[in-house]
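Below is one structure, written out as structure tokens; the observations come after it.
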Amino acid sequence: MFVRRVAVIGAGYVGLTSAACLASLGHQVVCADIDEKKVEQLRRAEVQIFEPGLPELVGEGIAAGRLEFVVGVRNAVRDAEVVFLCVPTPMGEGGAADLKAVEAAVAEMKDLLAPGTVVVNKSTVPVGTAARVLELLGRDDVFVASNPEFLREGSAVKDFMHPDRIVVGSDAQNAAERVSALYARLGAPTVLMDAASAELVKYSANCFLAMKLSYVNAMAELCERLGADIANVTEGMGFDQRIGQSFLQPGPGWGGSCLPKDTHALLQIAEAAGHDFELLTATINTNEKQSRLIIGKVANAVGGDLKGRKLGLLGLAFKAGTNDLRDSPALKIAKMLKAEGAELVAYDPAIPQAVEGVTGDVTVVDDVQQAAKDAEALVVLTEWPQFRSLDWAALAGTMAGQVVVDTRNLLDVDVLTRAGLTSHGVGR
Ligand code: NAD
């Protein structure tokens, strides 16, 4: 079998998943992080992120001697044939991607790499970063490739092991082939291309998804004005194979660790290239408008004024199936409600307690009853499926008001009605 010595830099959602999955494919993997505590925990197969199957895969990799965790780039790269950069690229000044972590990792590895090593950008990085990394490496005996990652939080292992496609870009064809060969066992469609195109694929895909969601949210608003139901409209649209069923669900606005930063980054990339990307600007503006619409909806539901009103929030994570709070629309809505004077108590099944510096706008409780108690309204912000089967009649009995604002159109309206609750959804 084709086995490679692989280094993975960064043990977050992308890095840890890649490291554990590549080890499960038979490769010899060393995964490095700067966070010593995280490395300590991972050596004991303790995974702090909420990803089905990941702790098991990490444990199996360690037990098989194929997966190792180290602190610092220098301890991972010396023997590697392929080095994956999976470090954060958050939104920097003016919206552009901040490449400090990429640059720091490259600076640390440049004199340690064996000749012939391929350094692979798996982080989402602007067009031109592969060329920039090669320049920073300052060597003509190593290669750089771009291999954007498309996994989704909450199903990261499944997405990595069963990808819709694998994209590898390099201006050195042999390097791209060597990287794609690591995934050969997955049998996924593989597209090889130049580095700049591969870098753009990731932004193009994420911004398209953001645009799809903004479009649906805008249609939902129109449905409300016209007396139509967005669920019927999207069902009718989704059967068209050119459109597809997914990403047609209205909500409180898109968020998470990728879409906001990637839309802003692509806007910057376009601007720098002299292209006025009006469609992307409209996508972002529509999303901003969506949060304001939701605040208006909640205010109307409790009689107009939010000052001093006690609200129970259901969900804090940016989507169901994860405990990731980065750029969560739920937190954005919470902040806006708080600014209007509301008192907020929140429950999320994946976030049992307050997170310092993150959940300051809300009191976090560890069961739904506490969130509902004396609440004038409950506001569903994350689409956790278990919210559907709550004992709504019992919750209604403890609430001060009898109103639910369901920003995800998650709950069964008939069930709520039978429980004596008035519900307000989006786009119906
Ligand atoms: P993350 O924050 O979960 O993980 C990044 C890890 O890198 C952290 O553990 C951090 O301690 C570590 N790190 C930072 N600087 C380092 C350095 N110099 N050396 C070693 N380790 C370092 O981030 P993530 O969500 O995995 O995202 C990583 C990249 O992948 C980003 O560019 C992101 O846009 C992209 N991406 C993310 C997802 C996703 O769903 N999270 C999906 C596809 C692509």
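Every number here is computed from the coordinates shown, using simple stated rules; none is lab data. Since the structure is predicted, the reported quantities are computational estimates derived from the model, not experimental observations. Every residue, glycine as well, gets a Cβ built from its backbone with ideal geometry; the counts of neighbours run over all protein chains shown.
The table for this structure:
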quantity: DSSP bridge orientation in region 27-135 - percent antiparallel, rounded to nearest 5; calculated: 10 percent
quantity: Pairwise label distance in nanometres, residue 112 with residue 186, each label 7 Å out on the Cα-Cβ vector; calculated: 2.6 nm
quantity: Extension gain from residue 194 to residue 74, taking 0.36 nm per residue of separation minus the Cα-Cα distance; calculated: 40.4 nm
quantity: Span from the region 297-370 Cα centroid across to the region 394-428 one, whole angstrom; calculated: 17 Å
quantity: Long pairs among 158/335; 158/319; 122/332; 37/202; 297/373; 38/158, criterion Cα-Cα beyond 25 Å; calculated: 158/335; 122/332; 37/202
quantity: Positive-end residue of 197, 382, 113, charge dipole of the chain with Cβ unit charges; calculated: 382
quantity: Computed label-point distance, nm, for sites residue 225 and residue 208 using a 7 Å Cα→Cβ extension; calculated: 2.9 nm
quantity: Mean separation of Cα contacts under 8 Å, 6 or more apart, over the residue count of region 206-428: relative contact order %; calculated: 22 percent
quantity: CD proxy at 222 nm, helix term only [per DSSP H run n ≥ 4: -39500 (n - 2.57); per residue of the chain; nearest 500]; calculated: -12500 deg cm²/dmol
quantity: Nearest 10 degrees, 0 to 90: helix 13-24 Cα axis against the chain principal axis; calculated: 50 degrees
quantity: Gyration tensor verdict on region 188-288 (Cα atoms; rounded if a/c is under 1.5, prolate if a/b is larger than b/c, oblate otherwise); calculated: oblate
quantity: Cleavage-rule hits (trypsin sites (Lys or Arg not before Pro)) in region 209-287: DSSP loop, at most 10 neighbouring Cβ within 10 angstrom; calculated: 242
quantity: Rounded tilt (10° steps) of 195-226 against the dominant C-alpha axis of the chain; calculated: 10 degrees
quantity: Percent antiparallel among DSSP beta bridges (both partners in the chain, rounded to 5); calculated: 5 percent
quantity: Charged-residue dipole, Cβ positions (Lys, Arg, Asp, Glu), region 206-428 about Cα centre, Debye nearest 20; calculated: 180 debye
quantity: Helix 259-272 vs. the chain, principal-axis angle (Cα, 0 to 90°, nearest 10); calculated: 60 degrees
quantity: Computed magnitude of the charge dipole of the chain (debye, nearest 20; Cβ of K, R +1, Cβ of D, E -1); calculated: 280 debye
quantity: Two-site label geometry, residue 64 and residue 358: point separation in nm, points 7 Å out along Cα→Cβ; calculated: 3.0 nm
quantity: Relative contact order for the chain, counting Cα pairs under 8 Å that sit 6 or more residues apart, in percent; calculated: 12 percent
quantity: Efficiency of FRET from Cβ geometry, residue 422 and residue 335, R₀ 30 Å, rounded to 0.05; calculated: 0.75
quantity: Mean Cβ count within 10 Å, highest first, over the residues of peptides 233-240, 5-12, 344-351, 47-54; calculated: 5-12, 344-351, 47-54, 233-240
